[in-house]
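Peer 1: Let me give you the structure first, and then I'll get to my questions.
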Amino acid sequence: MKILFLMSSVPDTTSKINFTDNDTKFDESGIQYVINPHDEFGLTKAMQIKEKTGAELVVLNVGTAKTEPVIRKVLAIGADKAVRIDADPKDSYFTAVQIAHYINNHDEFDLIIAGKESLDYNGGMVHGLVAGMTSKKFINAVMGLELKDNNMVEVAREIDGGKEFIETSLPLIIGGQKGLVKEEELRIPNMRGIMMARKKPLEVLPAVEAAVKTKIDKFEKPAPKGAIKLVDKDNLDELIDLLHNEAKVI
Amino acid sequence: MSILIYAEQQNGKVAKSAKELASYAKAYADKTGQDVVAVGAGLEDADSLFQYGVSKVLNVNDDTLKTFNAFAHAQMVAQAAGQQGADLILISDSNDAVYMGPILADKLDAGYVSHVIGLPEDGGNFTVKRKVFSNKGIAYTEVLSDKKLLRLAKNSFGMLENPVAGSVEDFAPDVDKSVYETYKVTKVDKATGKVSLTDADIIVSAGRGLKGPENWGMVEELADVLGAATACSKPVADMGWRPHTEHVGQTGKQVAPNLYIAIGISGAIQHLAGVNGSKNMLVINNDPEAPFFKAADYGVVGDAFEVVPKLIEKLKAFKNQ
Ligand SMILES: Cc1cc2nc3c(=O)[nH]c(=O)nc-3n(C[C@H](O)[C@H](O)[C@H](O)COP(=O)(O)OP(=O)(O)OC[C@H]3O[C@@H](n4cnc5c(N)ncnc54)[C@H](O)[C@@H]3O)c2cc1C
Ligand SMILES: Nc1ncnc2c1ncn2[C@@H]1O[C@H](COP(=O)(O)O)[C@@H](O)[C@H]1O
């Protein structure tokens with residue numbers, strides 16, 4: 001069995017977000033990059049499958065050389081090899097074309113694991129676009145996955161207010177999220193893994209020609225909140241009055 | 001030319017999200033001289049959309065299609081767009097629509113923008129505002145392709161009545177239904193009789209400050225009085241005090257109700273990233289230095305175990321007036 005893990009490298013969740021160059025660029029100074037938190041659940045799931053079945057695990061990222069430390073982290077956690085498609089992932093369509101091109105030329109993966117959304121540009125679309133471009137099956141917001149006999153899989157997908165269980169077969173692309181593995185099972189690199197990762201192959205491939213369908217003209221920060229209204233704990237009638245007459249929410 | 005919205009249903013009725021999509025579409029259609037068309041499956045009260053500016057509803061009356069399948073519904077919407085000559089298509093951010101979005105974008109060869117929070121800007125290019133970096137930034141995003149697919153962030157536009165005369169038409173798209181076999185739904189687990197987080201106008205959320213799962217009685221009671229859904233911070237779900245489906249924040253569910261009440265939650269940056277799209281936020285915390293007070297609209301500094309029961313009593317009295 002072969003698993004492809006699509007990894008998006010994003011600013012650490014504690015990052016303060018600023019813009020530069022007249023608000024046309026994201027300010028990268030002081031930003032630490034991490035494996036996209038939604039992707040981490042899928043990575044751990046992939047490791048569990050690998051350990052159980054001896055599957056091979058390849059990590060793929062579309063990014064510039066700046067993402068290599070994060071790719072190395074995935075290798076340290078246990079992926080066997082890495083592929084980086086050398087490009088700035090300008091928009092989701094462009095990124096999806098790169099990934100689909102790779103998959104179409106290496107059509108050997110039984111399971112392709114993405115996260116449901118990257119926590120940088122929050123597109124929530126690269127996986128589904130890749131599915132369309134490679135004619136593969138796709139399930140999003142996956143919060144449970146179990147391999148069965150004969151290439152069958154049982155997948156739990158989040159729906160509004162609950163979960164839906166779907167039976168389907170490999171090959172399959174998933175958009176993973178929390179629930180796919182338990183929080184306490186999430187893997188972090190250890191010393192031995194970090195040493196081994198240095199020797200693992202990281203192949204760099206050129207990008208293919210592709211258009212973009214969207215383009216960011218400028219950024220802005222959300223408007224700051226007005227001052228908070230503090231209500232004394234012994235005067236909750238005032239709170240109810242504010243919620244009713246001012247906020248008009250009750 | 002028309003603008004097409006994908007109208008979802010809930011127990012057969014047009015979902016609130018569809019009315020918000022209609023309101024958005026109508027506001028833009030009025031500027032550009034277009035009409036708004038909706039497509040959906042099994043909408044029992046399809047005509048309720050006329051109130052929000054939809055002048056034609058393509059209602060699919062097919063028992064198979066009444067159940068959601070992302071590939072089937074993407075085919076249905078794509079065919080409706082083709083038939084109506086719609087270049088602009090709008091979907092909501094329900095879990096189903098989020099799943100279908102990229103599949104539909106691929107079928108339509110459309111530029112797709114998610115987390116949209118504003119009407120297209122005036123001027124020559126088609127540019128919309130969207131939330132990026134988990135609510136920490138806004139990007140003016142230009143769509144360069146002819147076909148455009150937008151996913152509107154819940155509660156970012158609101159429902160605006162704008163009645164028009166309309167018609168409901170039967171629509172029978174040519175959908176390959178084998179996808180229902182390819183993705184065979186074997187079971188659905190859904191909390192019934194509870195307000196779901198995605199639909200809630202009010203959310204009552206609590207954190208580690210509540211000390212243990214045995215103390216959630218007052219949270220549920222407050223939610224009951226307000227007709228609200230319940231939520232929690234990440235550590236609360238991680239410790240198993242509450243189900244994972246209640247976890248809100250950057251790595252949990254993103255919510256944007258009219259009122260978000262945070263009880264015993266400190267207001268960490270990852271928590272705020274998932275909730276600060278809320279119209280109003282009320283914080284109850286015994287530490288006046290808790291960071292949440294900097295992000296909220298209303299606050300009460302006090303012990304939750306004292307404030308919440310009192311608030312419940314006062315609200316009950318208020319509701320009985
Ligand atoms: C990668 C990553 C992703 C994360 N994603 C999320 C996420 O999506 N959502 C999320 O919530 N967190 C997330 N976190 C965790 C986040 O950083 C915080 O640790 C978490 O939000 C804190 O939860 P809390 O406010 O319930 O607990 P605490 O920070 O422990 O706060 C408890 C609060 O309760 C107050 N309190 C105590 N007793 C009382 C009382 N009697 N009455 C009233 N108030 C009281 C305290 O003053 C305190 O402010 C993430 C962290 C990381 C590293
Ligand atoms: N540059 C990238 N390289 C590899 N995988 C990516 C990249 N961008 C996004 N993905 C994958 O697609 C998922 C959805 O991303 P997005 O559409 O950007 O929200 C992510 O969780 C990743 O698994």
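The values are calculated or read from the model by the stated rules, or taken from the named source; none is laboratory data. Predicted model, so just to flag it, every value in this text is computed and none were measured. Here Cβ is always computed from backbone atoms with ideal geometry, including for glycine, and neighbour counts include all displayed protein chains. Surface areas here come from the heavy atoms of the whole protein model, side chains and all, with no ligands, DNA or RNA. Shrake-Rupley method; radii C 1.70, N 1.55, O 1.52, S 1.80 Å.
Peer 1: Sort out which residues of the range A:166-185 are open to solvent by 30 Å² or more (accessible area, probe 1.4 Å) and closer than 27 Å to B:THR198 by Cα, and write them in order of number.
Peer 2: If the condition is that a residue be open to solvent by 30 Å² or more (accessible area, probe 1.4 Å) and closer than 27 Å to B:THR198 by Cα, then A:GLU167, A:GLY179, A:LYS182, A:GLU183, A:GLU184 are the ones that fit.
Peer 1: Of the conditions (1) over 23 Å from A:THR134 (Cα atoms); (2) in contact (Cβ under 8 Å) with a residue 24 or more places away in the chain, A:ALA87 fails just one. Which one is it?
Peer 2: It is condition (1) that A:ALA87 fails.
Peer 1: Please pick out the residue among B:ALA200, B:ALA172, B:ALA139 that is aliphatic (A, V, I, L, M) and part of a strand (DSSP E or B).
Peer 2: B:ALA139 is the lone residue from the list that is aliphatic (A, V, I, L, M) and part of a strand (DSSP E or B).
Peer 1: For the range B:94-147, which residues satisfy the criterion of being of a type in the set (Asp, Glu) and within 25 Å of B:ASP30 (Cα to Cα)?
Peer 2: Correct list: B:GLU121, B:ASP122, B:GLU142, B:ASP146.
Peer 1: Now for a separate question. I'm told A:LYS148 meets every condition in (1) within 25 Å of B:LYS184 (Cα to Cα); (2) touching a residue at least 60 places away in the same chain (Cβ under 8 Å); (3) more than 16 Å from ligand 2 (Cβ to nearest atom) except one. Can you identify the failing condition by its number?
Peer 2: With respect to (1) within 25 Å of B:LYS184 (Cα to Cα); (2) touching a residue at least 60 places away in the same chain (Cβ under 8 Å); (3) more than 16 Å from ligand 2 (Cβ to nearest atom), A:LYS148 is out only on (2).
Peer 1: Can you name every residue in the range A:86-109 that is within 11 Å of ligand 2 (Cβ to nearest atom) and part of a strand (DSSP E or B)?
Peer 2: none
Peer 1: Here is a further query. Filter the range A:110-139 for residues that are free of Cβ contacts under 8 Å to residues at least 12 places away in the same chain and more than 7 Å from chain B (Cβ to nearest Cβ) and give the result.
Peer 2: Result: A:SER135, single match.
Peer 1: Out of all the residues in the range B:224-231, is one or more within 13 Å of chain A (Cβ to nearest Cβ), within 12 Å of ligand 1 (Cβ to nearest atom) and farther than 24 Å from A:GLY123 by Cα? If you could, list the steps in order and put the result at the bottom.
Peer 2: Step one: of the range B:224-231, the residues within 13 Å of chain A (Cβ to nearest Cβ) are B:225-231.
Next, from what is left, pick out any that are within 12 Å of ligand 1 (Cβ to nearest atom): B:231.
Keeping just the survivors that are farther than 24 Å from A:GLY123 by Cα gives B:231.
Within the range B:224-231, one or more residues are within 13 Å of chain A (Cβ to nearest Cβ), within 12 Å of ligand 1 (Cβ to nearest atom) and farther than 24 Å from A:GLY123 by Cα.
Peer 1: For the range A:188-203, what are the residues that are open to solvent by 70 Å² or more (accessible area, probe 1.4 Å) and either of a type in the set (Val, Ile, Thr) or under 20 Å from the mean Cα position of the chain (by Cα) (or both)? I'd like the intermediate steps shown before the answer.
Peer 2: Our first condition is that a residue be open to solvent by 70 Å² or more (accessible area, probe 1.4 Å); within the range A:188-203, this holds for A:188, A:190-192, A:195-196, A:198-199, A:201, A:203.
Hit for the range A:188-203 is A:ILE188, nothing else.
Peer 1: For residues in the range A:1-37 being hydrophobic (A, V, I, L, M, F, W, C), within 16 Å of ligand 1 (Cβ to nearest atom) and open to solvent by less than 30 Å² (accessible area, probe 1.4 Å), which is farthest from A:ILE85 (Cα to Cα)?
Peer 2: Residue satisfying both the conditions and the ranking: A:ILE17.
Peer 1: Any chance you could count how many residues in the range A:38-85 are of a type in the set (Lys, Arg), in a helix (DSSP H, G or I), open to solvent by 50 Å² or more (accessible area, probe 1.4 Å) and away from ligand 2 (no atom under 13 Å from the Cβ)?
Peer 2: The qualifying residues number 3.
Peer 1: Between a residue in the range A:31-42 that is over 14 Å from A:GLY78 (Cα atoms) and without any contact (Cβ under 8 Å) to a residue 24 or more places away in the chain and any residue that is open to solvent by 10 Å² or more (accessible area, probe 1.4 Å) and within 10 Å of ligand 1 (Cβ to nearest atom), which pairs come within a Cβ distance under 6 Å, given they are 6 or more apart or on different chains?
Peer 2: A:GLN32/A:ASP12
Peer 1: Which condition does A:LEU172 not pass, out of (1) within 7 Å of chain B (Cβ to nearest Cβ); (2) among the hydrophobic types (A, V, I, L, M, F, W, C); (3) touching a residue at least 40 places away in the same chain (Cβ under 8 Å), if it passes all the others?
Peer 2: Going through (1) within 7 Å of chain B (Cβ to nearest Cβ); (2) among the hydrophobic types (A, V, I, L, M, F, W, C); (3) touching a residue at least 40 places away in the same chain (Cβ under 8 Å) one by one, A:LEU172 breaks only (1).
Peer 1: While we're here: Residues of the range A:75-96 being more than 16 Å from ligand 1 (Cβ to nearest atom) and within 21 Å of A:LYS2 (Cα to Cα), which ones?
Peer 2: Answer for the range A:75-96, where residues must be more than 16 Å from ligand 1 (Cβ to nearest atom) and within 21 Å of A:LYS2 (Cα to Cα): A:LEU75, A:ALA76, A:GLY78, A:ALA79, A:ASP80, A:LYS81, A:ALA82, A:VAL83, A:ARG84, A:ILE85, A:ALA96.
Peer 1: Which one is nearest to B:VAL132 (Cα to Cα) among residues in the range A:110-128 that are more than 7 Å from ligand 2 (Cβ to nearest atom) and either under 10 Å from the mean Cα position of the chain (by Cα) or open to solvent by less than 10 Å² (accessible area, probe 1.4 Å) (or both)?
Peer 2: Out of the qualifying residues, it is A:ASP120.
Peer 1: Another question, if that's okay. The conditions are (1) away from chain B (no Cβ under 14 Å); (2) within 16 Å of ligand 1 (Cβ to nearest atom), and A:ILE71 fails exactly one of them. Which is it?
Peer 2: (2) is the only condition that A:ILE71 fails.
Peer 1: Quick one: in the range B:99-130, of everything that is part of a helix (DSSP H, G or I) and in contact with a Gly (Cβ under 6 Å, 6 or more places away or on another chain), which residue is most open to solvent (accessible area, probe 1.4 Å)?
Peer 2: The qualifying residue most open to solvent (accessible area, probe 1.4 Å) is B:ASP106.
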